Amino acid sequence: MRRKLAAGNWKMNGTSADLEQIEALAEAHAGALSEIMIATPDTLLHRASAFTKTGPITLGAQNCHHRESGAHTGDVSAEMLIDAGASYVILGHSERRADHDEHDEDVRSKARAALKAGLRVIICMGEELEEREADNTLDIIGGQLAGSIPDDVSGETLVIAYEPIWAIGTGKVPSIAQISEVHDFIRLRLEQRFGPQIARGIRLLYGGSVKPANAAEIFAVQNVDGALVGGASLKSADFGPIIEALD
Ligand code: PEP
């Protein structure tokens, strides 16, 4: 049985004043059945970890370097993130692919480094609007799956987030049938590559304009094991109802 996961991606938002949002979530959802993960900016990880010692909340980062250490000014290694309090790292988010020219092979080598250090990875993938309109979505997802996921993964260590790029931060959401088609396709490809036992343990998140108002409908889709949430994860008043819809 896969444990549901509500993952928040704070992106480049949040200073110490916002730690109260994590404190409020930790208090309100102490008994949550689902796992709650918040990927804060790296600068907040250490202080945020004060609220995650007990209860369902875990912390994550939004990127890591593919090397363990060395002359890489401004970069952060997986080991440093663990030291600061992270147990997950989001990799391959479309904003990193676009802003930092990250390709599948970069995502794969970062994932290898993260797994080796002991982080769990949430690997993001999704199509552009033009790709969806040209009916190329499954080809794009198939390529990203093959290219960005390393071989040595398990249900414990890998989470995949399907995030159509045109749905991120736009208020647009694919139809339930479209979400279902992609999630079923990902599960099938995972079964073909890793075998049914490992594939069945890997959690598949949907991401892209998930809000309290649409969460329950999305979570009812078979093969949707939770969500990766951007804007609506910043305030506990918005993220809380999403967590409740998942529980
Ligand atoms: C995201 O950036 O991963 C995301 C899903 O953002 P939003 O929920 O704001 O669309």
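Taken together, the values in this text are just the output of simple stated rules run on the coordinates, not laboratory data. Keep in mind that what you see is a predicted model, and the values were worked out from it rather than measured. FYI the Cβ positions are ideal-geometry reconstructions off the backbone, even for glycines, and counts take in every protein chain you see.
Amide H contacts of residue 91: 122, 123, 124, each under 5 Å away and 5 or more positions distant or on a separate chain (H built 1.01 Å from N in the peptide plane; Pro and chain starts excluded). Sorted fewest first by neighbouring Cβ atoms within 10 angstrom, 198, 165, 123 come out as 198, 165, 123.
Database remark: amide H of residue 37 closer than 5 angstrom to the amide H of 6, 7, 8, 58 (H placed geometrically; neighbours at sequence offset of 5 or more, or on other chains; Pro and chain starts carry no H). Cut-off under 26 Å on the C-alpha distance; same-chain residues fewer than 8 positions from residue 211 excluded. Which lysines are left, in chain and number order? Result set, ordered by chain and number: 4, 11, 172, 235.
Report for the chain the percent antiparallel among DSSP-assigned beta bridges with both residues inside it, nearest 5.
On the way: 0 of 30 bridges.
Beta bridges within the chain, antiparallel portion: roughly 0 percent.
What ³J(HN,Hα) values, in whole Hz, does the Karplus curve 6.51 cos²θ - 1.76 cosθ + 1.60 give for region 135-141 when θ = phi - 60°, with x put for Gly and Pro? Residue by residue, region 135-141 yields 6, 9, 4, 5, 5, 5, 5 Hz. Applied to region 115-130, the Karplus parametrisation 6.51 cos²θ - 1.76 cosθ + 1.60 on θ = phi - 60° returns per-residue 3J(HN,Hα) values of 5, 4, 6, x, 7, 8, 10, 10, 9, 9, 8, x, 9, 6, 4, 5 Hz, with x for Gly and Pro. Projecting label points 7 angstrom from Cα along Cα→Cβ for residue 130 and residue 188 puts them 2.7 nm apart.
Which trypsin sites (Lys or Arg not before Pro) from region 33-108 combine a DSSP loop assignment with at most 13 other Cβ atoms within 10 Å?
On the way: sites: 47, 53, 67, 96, 97, 108; in loops: 53, 67.
Of the trypsin sites (Lys or Arg not before Pro), the ones in loops of region 33-108 whose Cβ has at most 13 other Cβ atoms within 10 Å are 53.
Which ordering of 234, 138 is given by a fewest-first count of other beta-carbon atoms within 10 Å?
Working: 234 19, 138 14.
Result, fewest neighbours first: 138, 234.
When you filter the trypsin sites (Lys or Arg not before Pro) in region 151-242 for DSSP loop state and at most 14 other Cβ atoms inside 10 Å of their Cβ, you are left with 172, 235.
Between 121, 89, 153, the GNM of the chain built on Cα springs shorter than 10 angstrom shows 153 fluctuating the most.
Dividing the alpha-carbon radius of gyration of the chain by 2.2 N^0.38 Å (N being the number of residues), what value is obtained? Can you show the working numbers first?
Details: Rg = 16.7 Å, N = 247, 2.2 N^0.38 = 17.9 Å.
Computed over Cα atoms of the chain, the ratio equals 0.93.
For the options 225, 101, 18, a Gaussian network treatment of the chain with springs between C-alpha atoms closer than 10 Å singles out 101 as fluctuating the most. Derived scalar couplings between HN and Hα for region 63-72 equal 5, 8, 7, 7, 9, 6, 5, x, 7, 9 Hz in order, rounded to whole Hz, by the Karplus curve 6.51 cos²θ - 1.76 cosθ + 1.60 (θ = phi - 60°), x for Gly and Pro.
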